[in-house]
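Just below is one structure, and these are the notes that go with it.
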Amino acid sequence: MSAESANQSSKNSKKYIFEIHFLRAFACLAVVAVHVSATNYGMNDETWSDFSYFLNQVGRFGTPIFAVISGFLLFYQVKRKGFKLGRFFTSRLSKILIPFLAWSLIYRYLLYYYNNQAIGEPWAEIKKILMGDSFYHLYFVAIVVQFYVIFPFLQKLFRTQTLMLVFTFISLLISYNLYGFNPGLEGEWGEFLASKSFMPIWIFYFAFGGLLAYFWDEILSFATKRPWKMLILALIITAGAVVEYTLEGAVSNRRLSNLVNIPLLCIATIGIYPLLAKSNFIKKPLTLIGQYSMGIYLIHPLILYLFARHLPEQYWNMNYIPLMFVAVMLIAVIFIGLFSFIPLSGFVIPVPKIKKSTKPHEAGEGVQQKKQPA
């Protein structure tokens, strides 16, 4: 490899790190917006304001984007470094599975303590954990774990751009045809196959993440050269979501339109990065949120749960939703920052490392590089 090619490869690696990191921050903010607005809805006798309804519906882009990012990081790592089964499972065990189990137990105890939910039969409790039913947000971590189970086979089958296009197309057909899927089965298997925790419903988003990884240079070049057009595209998608929920009523994060919205929104957000990265006032908080996104995802429902039980009624005024959102984010970030000093804290709240770069970059690139394991 020539010095010029090596330098370009290094730049692309740095740019990849930050655009995807940026995308993760927006996904995190969207998910928190959904749950803050939903909690406010519940605390106001199941009443929406225009603003809380907007946050709740538009924020539903967040969870599928997290699936895209998960797929991207896994396939990009294989593309760059190859695949070692032992390292893969060790990494996933310590950074995802153990925190998932820990938080499943934390939320189970929370419901036992506050809601007097008695501990059931061992198999019933295990099944609840496996399906991500310990609390309302953990189903997505269960989905990611399911994808990890099949990823060793997928990465072996799909290792070129052409094959990744094939995988993405097949996955699109699977996710499309599983919309509203009813297996017609009774019992536990039927319940699982019809649930939102059934991973194949989401497989297109993981596959698109892989496509993004294998066509990263081309997509990055196209999007970042057109930041204002990408901003307009993101606003058009947001406006389309408003029209959709206005006409159709409340929609879920598994709606069919997301099969188009999510790929376009991911590319648009990546393209917007050079605009927002120019301002440290915007860039630094988003960098921190991106770094802490897994921890924020795990902990923010706990904060909202405790708020709902201990904050006086006047704080649930609908006009306070922005302040509630900021408060949840601040508490989560501060707690994670302090908690990270505790030995072995990564087994409860994984926080990826960010290290300073030793070389200056272009204006659109970051000044730090994130060490992101597969």
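Here, each number is a calculation from the coordinates, and none is a lab measurement. Just so it is clear, the structure is predicted and the values come from calculations on it, not from any experiment. Here Cβ is always computed from backbone atoms with ideal geometry, including for glycine, and neighbour counts include all displayed protein chains.
Table for the structure above
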quantity: Alpha-carbon Debye profile of region 136-175, log10 I(q)/I(0) at 0.17, 0.25, 0.35 Å⁻¹; calculated: -0.55, -0.90, -1.04
quantity: Extension gain, residue 130 back to residue 243 (0.36 nm per residue minus Cα-Cα distance, nm); calculated: 37.1 nm
quantity: Nitroxide proxy distance, nm - points 7 Å out along Cα→Cβ at residue 339 and residue 105; calculated: 1.5
quantity: Charge dipole magnitude, Cβ of K and R +1, D and E -1 - the chain, Cα centre, debye nearest 20; calculated: 1920
quantity: Theoretical gain in end-to-end length, residue 162 to residue 192 [0.36 nm per residue, Cα-Cα removed]; calculated: 7.5 nm
quantity: Listed residue (136, 287, 40) projecting farthest to the positive dipole end of the chain, Cβ model; calculated: 287
quantity: Virtual spin-label span in nm between residue 118 and residue 170, 7 Å along Cα→Cβ; calculated: 4.8
quantity: Virtual spin-label span in nm between residue 330 and residue 90, 7 Å along Cα→Cβ; calculated: 4.2
quantity: Inter-part distance where region 85-153 and region 156-210 are each reduced to a Cα centre, Å; calculated: 20
quantity: Dipole axis of the chain (+1 Lys, Arg; -1 Asp, Glu on Cβ), positive-most option in 175, 185, 252; calculated: 175
quantity: Under the Debye formula (equal points on every Cα, no solvent term), log10 I(q)/I(0) of the chain at q = 0.09, 0.11 Å⁻¹; calculated: -0.52, -0.80
quantity: With 5 Å bins from 0: P(r) over region 168-241, alpha-carbon pairs, percent; calculated: 3, 14, 14, 14, 18, 14, 9, 6, 5, 2, 0
quantity: Over the chain: helical MRE at 222 nm, DSSP H runs n ≥ 4 each giving -39500 (n - 2.57), nearest 500; calculated: -23000 deg cm²/dmol
quantity: Axial C-alpha extent at least 15 Å, average Kyte-Doolittle at least 1.6 - helices from the chain (DSSP); calculated: 139-157, 203-214, 258-276, 321-339
quantity: Above-threshold pairs, the threshold being 27 Å between Cα atoms, out of 95/127; 156/225; 127/353; 81/127; 81/283; calculated: 156/225; 127/353; 81/127; 81/283
quantity: Value of Rg to Rh for region 277-319 (Rh from inverse mean 1/r over Cα pairs, i.e. Kirkwood); calculated: 1.17
quantity: C-alpha center-to-center spacing [region 325-353, region 303-319] in angstrom; calculated: 22
quantity: Spherically averaged projected area in nm², based on the convex hull that wraps the Cα atoms of region 100-153; calculated: 3.8
quantity: Percentage of interatomic Cα-Cα distances in region 77-196 larger than 19 Å; calculated: 61
quantity: FRET efficiency, residue 177 to residue 284 (Cβ-Cβ, R0 41 Å, nearest 0.05); calculated: 0.40
quantity: Among 25, 345, 76 - extreme Cα towards positive end, dipole of the chain, charges at beta-carbon; calculated: 76
